[in-house]
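Participant: Questions regarding the structure given below will be posed in turn.
What follows draws every value from the coordinates through simple rules; no lab data is involved. Quantities reported herein were computed from a predicted structural model and do not represent experimental measurements. Backbone-built Cβ (ideal geometry, glycine too); neighbour counts: all protein chains shown.
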Amino acid sequence: MKRVLSIASVLFAFVFAVSLAAQAPAKIGSEADYAATMKEVGSLAGGLTKAIKGGDAAEAGKAVPRLEVLFKSVHAYWSDKKVADATTAAATAITSLGAVSKALAANDMAAAETARGNLAAQCMGCHKEHREKTPEGGWKMK
């Protein structure tokens, strides 16, 4: 019996450690990494918006943890570059995601939408200041 409990404890600790490692923010080391991060943010944020507007708290809640991890990486990226407004926007985005999560847990879709709007405002402000359209129709950082 002790052996079974020991094995179960080791397996639990391993699964927990892997889970934490998967949620750790990845270092954004290049503009290509940053672009990939932003593409993932855009996809998840679109799903979050659709789910909140559709009143589906459970579906909306699936995007929040990954968005938090991504914005922690974005925050570290801008902090390392010493770009104050972008660093602040990323920190505010993380705070907004916390408010989204809290509202979804309470199934308060109006509050979730308000917090999601605050998140979107951070995204748009940073995009306006730190990216520009390329002649090919894509985007690049200024």
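Participant: From the backbone phi of the stretch 26-32, what are the Karplus-calculated ³J(HN,Hα) couplings (6.51 cos²θ - 1.76 cosθ + 1.60, θ = phi - 60°) in whole Hz, Gly and Pro given as x?
Facilitator: Going residue by residue, I get 7, 6, 8, x, 8, 5, 5 Hz, with x marking Gly and Pro.
Participant: Right, something else. Could you state the principal axis extents of the C-alpha atoms in the stretch 30-132, from the largest down, to the nearest angstrom?
Facilitator: Extents along the principal axes, in whole Å: 38, 22, 21.
Participant: Separate question: Pull up all non-local amide H partners of residue 131: gap of 5 or more, or a different chain, and H-to-H distance under 5 Å with H placed in the peptide plane.
Facilitator: Close amide H contacts, sequence-distant or interchain: 142.
Participant: Which aspartates and glutamates have a Cα lying under 14 Å from the Cα of residue 140, excluding residues fewer than 8 positions away in the same chain?
Facilitator: 31, 33, 129, 132
Participant: Any idea what the dipole of the stretch 30-132 comes to, in debye rounded to 20, about its Cα centre with Lys/Arg Cβ at +1 and Asp/Glu Cβ at -1?
Facilitator: Magnitude of the dipole: close to 80 debye.
Participant: Would you kindly derive the ³J(HN,Hα) couplings of the stretch 79-96 from the backbone phi angles with the Karplus curve 6.51 cos²θ - 1.76 cosθ + 1.60 (θ = phi - 60°), listing them in order in whole Hz, with x for Gly and Pro?
Facilitator: With the stated coefficients, the stretch 79-96 comes to 5, 4, 7, 6, 9, 4, 5, 6, 4, 5, 4, 5, 5, 5, 4, 4, 4, 4 Hz.
Participant: Suppose each label sits 7 Å from its Cα in the direction of the beta carbon; what would the residue 118-residue 140 distance come out to in nanometres?
Facilitator: 3.6 nm
Participant: State which entries of 50/82; 72/128; 39/102; 53/82 exceed 31 angstrom in Cα-Cα distance in the structure shown.
Facilitator: 50/82; 53/82
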